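The block underneath contains the structure these notes are about, expressed in structure tokens.
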Amino acid sequence: MPVFIVSGEFHYWRMPVQHLYLDIFQKMRATGLNAVSIYFHWGYHSVTEDMVIFHGVGRDIQAMLDSAKRAGLYVIARPGPYIHAEASAGGIPGWLVTKKGVEVRTDESRYTKAWQKYWHEIIPIIARNQIDRGGNVIALQIENEYMQTDLYPSARKYMRELSDGARSMGIVVPIFHNDLNMFESFLPKNFSAVDLYGLDSYPRGFDCRNPVSNFNIQTNYREYLANVSPDTPNFAPEFQAGAYDSWGGAGYENCMEMTGPEFVNVFYKNNIAQKFTMMSHYMTFGGTNWGGLGCPSVYSSYDYGAAISESRILRDKANEAKLLWTFVRGSPTLLRAQFVADSDKYAYTDNNDVFATELRDPHSLTGYYIVRSRDTNSRDGKAYRLKVRTISDREIQIPSKGSLTLRSRESRIIVTDYEAGPVRFGYTTMEVLTWTIVDGKPVVILYGNFEDQNEFSIKQQGHVPFKFYNIRGNTALRNYRVKASATEKNDLCITAILDGENRAVVDSHDYILALFNRPDIYNVWTPAWAADLDPNTPPYRQVIVIGPYLVRNVTSEDHGKTLNINGDSDMESNLSDLVEVYVDSSFENIKWNGELVHAYRTRFKSRTFKVPKPNSNLAEIRIPDLRKAEWRGIDAIPEIHNVYDDSKWTIANKMESTNKWHPPETFPVLYPGEYGFHVGNVIYRGRFSGENAKGVKIQVWGGAAFGFTAWLNGVYLMSYRGSPHEAWNQQEVTFPDALVSKDETNFLVILADRMGYEEDNGVTERDPHSTLYPRGIRLVQLIPHNPDSNCEFSQWTLQGNAGGENADDLLRAPYNEGGIYAQRIGAHLPDFDDTWWPPATPYLNQLAGMRPESPKPGAGVWFYRTIVEIVVPDILDVPLGVRMRGAGVRVELFVNGWQFGKYISDIGPQEEFPVPPGIINTNGENVVGVQVWAVDGNATVGLDVLEFIIYGKYASSIGPIPHDDYKGWYVERQMYFS
């Protein structure tokens, strides 16, 4: 059966807690989606060149696919191998980026051999989960926003190899590619390696600084797709549902506002007018760039301003989307509806500023009129009447009296000859949400602005009396002022202005119409049965639940006598206490999350009850005050001192670079990736004689927002705090005479940060080698007193993460750690023994005379560690995070071994770092580590603010999130002790 695919993007690797996948997927399903689109991250699984992991915490993709199926979602699989996604190197493993001669995203042999090994692991897993084998995978994407150009002459061969490889390993579902908007790349009509064509579209762009500007829809999708791929569904594998924010950006609240409920309402309904029948929201849940997952374009948060926040809270835009996609799911004729005309060709409205598009199903003759402002950027209200065609009345103008009003940025879908089960509307100026059958009687949910002249006609046989009620809380008040009349065909026509009301009900012998004022429609849910999670559940099989913060699904117990509603209630709001349910009376009892409730029957086939909330003792939450915790700390940069023993470090001895596109300017090679260090901070120690050394010139590359600090013989020399607009920095400094030894070896120590490898920009910026932009020191050169005399470094050593490409912590590898001393010795890991560390405090404003004292100013790095207990009752879902604030510092936050936040005080914008349950132990001890790097002499290795924050409190049906065994400390780490 044909189906409208409405999908949301989700990245499991940005949420490494598989116990939360079902929570997120159920929220997606509850808000109207029937599919999830998933990028699979090659570099996350390919920990080393010889090891590809698809098991364990965060990497068990079978468990993730099972969770999607359990939630009732199809899966659109996107395994790359290149994915972009604001991920370091676009998801390509670091060990591959720096291999000599590799040309990514081509048919080059070394790249081909690498992706084929990954393909042989991941494709069979996807294949056995295809829909024809009882799974839920319905399509597979190869590559990402790619095209054949002079820069990629082998693109078609490469794409065919990907497709043939997938087919040979069992893929039978449609294979597609996502075009970078309208570039006609890899069209099925002339490239048989793909079955579907899709285009990506981000009409509002990614500049969140002015969220109210540029509210202009794109109106040429339909004509373009009819021209380039007329035989495939109109498909948007990525349609904007938020925006990523960059270092120094406006923050994700702005991105959310830019793509908020107004955007959802206008732009998604425009996609209906443009005849899209497959659409995926990018993103629906963004997650976190923990560790070094992200590319330099993004900071730790990948919230994206999405419908579900990084802390897993539903935003209003999720509920706005729910209105549209619930309607779409219950309107099968919309899938067959064809474009008839729009206001460019026909005067549908009496106001030229109001634009309408007519779609019509040629079989049922159901009409869909998508109404919006002609200038969608306008914020003015617009009164109008609409010309529609109905079977009974042919062409009429609605409402029959008065007018409707588009409020600011708004769009509506007005239907004619629409069947909501047995109820057939001639037309309705209110929008349809959904319908169901209760004890044989149809219940239809409509919504609109009650200030309007709301009007609808219902086709019926003979005279069917009705009563009209205003609903106020639990009270139904008869409304005698509502007007009713008969059309020329004796259809019932009801006209109502309900200004000041929130809800109303039309009650007749044949049907019930529940009318909602638009501001009050968000809390209506249409859950499917947990035992029957067909992604295409028809309305007559659904229950309608009104009131709670979230309804996940419903189950039947006691042989059909008890209805159990699984959902969440907001503990900090009284608005969702009262719940109303439309369900058959054969269900004698109702439970909320397994607890029996006392439900009252109403005169409208529904039942109401109050949500039981945990009592105050049971709901006691204990979140510690980090300022009162017992902290210990150490100097985490002992390498700056000349006596430090670096004999076990890597000697920089490469005199030829694998990077022919951006080679070093001085040698030996000091690109850490070429020595196996691909993530995070790197420390370099250069030795030289002071006889002729006057100063030094340094050029360091790290990506946007990177920074570095240099010390000479243990004393601060120079630094760079970073900029969101500069990927590298060059400085020249003269050595203070007092710091340079003429007789002994001098040590120049450089601590440099890296912000991830760049994505491949061959398509977007015509640079197919951007993943090879240098990371590390490209130039370091001593400046001599006497140019004619020798003045060079005698040796360079460098150190990155423990083990390099052969990390011991496979749970979190390869993106979690950098090369700072404290991380190398495993001080961030839960089982590390810190009892030999002295007491210390990360707080700058420690009260005078208190011990330990606040840290002193000066460039350096300290690592602080504490153990705190958190208690959250199992029946509660309490999203937590950490807030940090300081000056001149670069901070990494570790929770139970996971790096879940990178704070750069001078760049921002992020100061709050959500940490999900499962990473945080919500019922026991937690190891919190804070690495504070004071970049220059004016900074201090401490923070003004370091505290836990609570994002919300929800009594939830998801149950406790287990804190897996994230412990571990490896005795081999002792080799890094100084």
Exercise for review: Distance between Cα centroids, region 11-68 to region 137-164: provide it in whole Å.
Suggested key: 24
Practice item. Quick one: pull the percent of accessible area on the chain belonging to carbon and sulfur, 1.4 Å probe, ligands and nucleic acids left out. Key: 48
Practice item. Apply the Karplus parameterisation 6.51 cos²θ - 1.76 cosθ + 1.60, with θ equal to phi minus 60°, to every residue of region 223-236 and state each ³J(HN,Hα) to the nearest whole Hz, in sequence, with x for glycine and proline. Key: 5, 4, 5, 5, 7, 8, 8, x, 9, 10, x, 5, 9, 10
Practice item. Among Val423, Ala241, Ser46, flag the residue with its Cα farthest along the positive direction of the charge dipole of the chain, charges on Cβ as +1 for Lys/Arg and -1 for Asp/Glu. Key: Val423
Review point. How long are the three semi-axes of the equivalent ellipsoid for region 861-978, computed from the Cα gyration tensor as the root of 5 times each eigenvalue, in whole Å, largest first?
Key: 28, 20, 10
**Study point:** Ellipticity estimate at 222 nm from DSSP helix runs (n ≥ 4, -39,500 (n - 2.57)) divided over the chain, nearest 500
**Key:** -3500 deg cm²/dmol
Practice item. May I ask you to compute the full-extension gain from Lys113 to Glu665, defined as 0.36 nm times their residue separation minus their alpha-carbon distance, rounded to one decimal in nm? Key: 195.6 nm
Check your understanding: Which of the peptides 825-838, 353-366 is most tightly packed, and how do the rest follow, judged by the mean count of other Cβ atoms within 10 Å per residue?
Key -> 353-366, 825-838
Review point. Which pairs in the list Lys113/Lys157; Lys387/Lys459; Lys561/Lys613 are over 21 Å apart, alpha-carbon to alpha-carbon?
Key: Lys561/Lys613
Review point. What's the angle, to the nearest 10 degrees (0 to 90), between helix 21-30's Cα axis and the longest principal axis of the chain?
Key: 30
Review point. In the chain, what cysteines have no partner Cβ closer than 4.7 Å?
Key: Cys295, Cys493, Cys791
Point to revise | Zero-based 20 Å bins, Cα pair distances in the chain, whole percents | key: 13, 41, 32, 12, 2, 0
Review point. Over all Cα pairs of region 346-426, how is the pair count split among 5 Å bins, expressed in % and running from 0 up to the last occupied bin?
Key: 3, 15, 25, 24, 16, 10, 5, 1
Check your understanding: Once label points are set 7 Å from the Cα along Cα→Cβ at both Glu732 and Asn806, what is their separation, rounded to one decimal in nm?
Key -> 4.3
Check your understanding: Got a sec? Which residues in region 932-969 would a label at Glu853 touch, if it sits 7 Å along Cα→Cβ and we count backbone N under 16 Å?
Key -> 940-942
Review point. Between region 201-241 and region 735-801, what is the C-alpha centre distance in whole Å?
Key: 44
Review point. Given a Förster distance of 25 angstrom, what is the FRET efficiency for Asn227 paired with Leu335, based on the Cβ-Cβ distance and rounded to 0.05?
Key: 0.70
Point to revise | Residues of type lysines that Lys654 reaches as a straight line, Cα spacing below 18 Å, ignoring anything fewer than 8 places off in the same chain | key: Lys99, Lys100
Review point. Farthest toward the dipole's positive end in region 686-751, which of Ala710, Trp728, Phe688, given Cβ charges of +1 (Lys, Arg) and -1 (Asp, Glu) about the Cα centre?
Key: Trp728
Practice item. Would you mind checking Lys660/Lys742; Lys322/Lys610; Lys189/Lys317; Lys275/Lys322; Lys269/Lys382 for any pair whose Cα atoms are more than 28 angstrom apart? Key: Lys660/Lys742; Lys189/Lys317
Check your understanding: By how many degrees, 0 to 90 and rounded to 10, does the Cα axis of helix 155-168 deviate from the longest principal axis of the chain?
Key -> 70
Exercise for review: Only Lys, Arg, Asp and Glu count, each charged at its Cβ (+1, +1, -1, -1), so figure out the dipole size of the chain about its Cα centre, rounded to 20 debye.
Suggested key: 2520
Study note, to complete from the structure: Nearest 10, in degrees from 0 to 90: the angle of helix 261-273 to the longest Cα principal axis of the chain is 70
**Study point:** region 698-772 - charge dipole about Cα centre, Lys and Arg +1 at Cβ, Asp and Glu -1, debye rounded to 20
**Key:** 160
Practice item. Using a 10 Å cut-off on Cβ atoms, rank the peptides 586-592, 863-869 from the highest mean neighbour count down. Key: 863-869, 586-592
Review point. Mind ordering 261-269, 945-953 by average Cβ neighbours within 10 Å, highest first?
Key: 261-269, 945-953
Revision key, fill the gap. Of the convex hull enclosing the alpha-carbon atoms of region 32-129, the direction-averaged projected area in nm² is 6.8
Check your understanding: To the nearest Å, what is the center-to-center distance of region 260-319 and region 558-592, using C-alpha atoms only?
Key -> 30
Check your understanding: trypsin sites (Lys or Arg not before Pro), restricted to region 653-739: which are DSSP loop and have at most 11 other Cβ atoms within 10 Å?
Key -> Lys660
Study note, to complete from the structure: Per principal axis, largest first, the Cα atoms of region 1-87 extend in Å by 43, 25, 24
Point to revise | Dipole of the chain [Lys/Arg +1, Asp/Glu -1 at C-beta], most positive-end residue of Val524, Leu739, Gly594 | key: Val524
Review point. Roughly how many Å² is the accessible area per residue of the chain, as a whole number, for a 1.4 Å probe?
Key: 35
Revision key, fill the gap. With +1 on the Cβ of every Lys and Arg and -1 on the Cβ of every Asp and Glu, the dipole magnitude of region 368-493 about its Cα centre, in debye rounded to the nearest 20, is 280
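The values are calculated or read from the model by the stated rules, or taken from the named source; none is laboratory data. These numbers were taken from a predicted model, which means no experiment stands behind them. Note: ideal-geometry Cβ built from the backbone for every residue, glycine included; neighbour counts use all protein chains shown. For the accessible areas, the whole protein counts, side chains as well, though only heavy atoms, and no ligand, DNA or RNA atoms are used. Shrake-Rupley method; radii C 1.70, N 1.55, O 1.52, S 1.80 Å.
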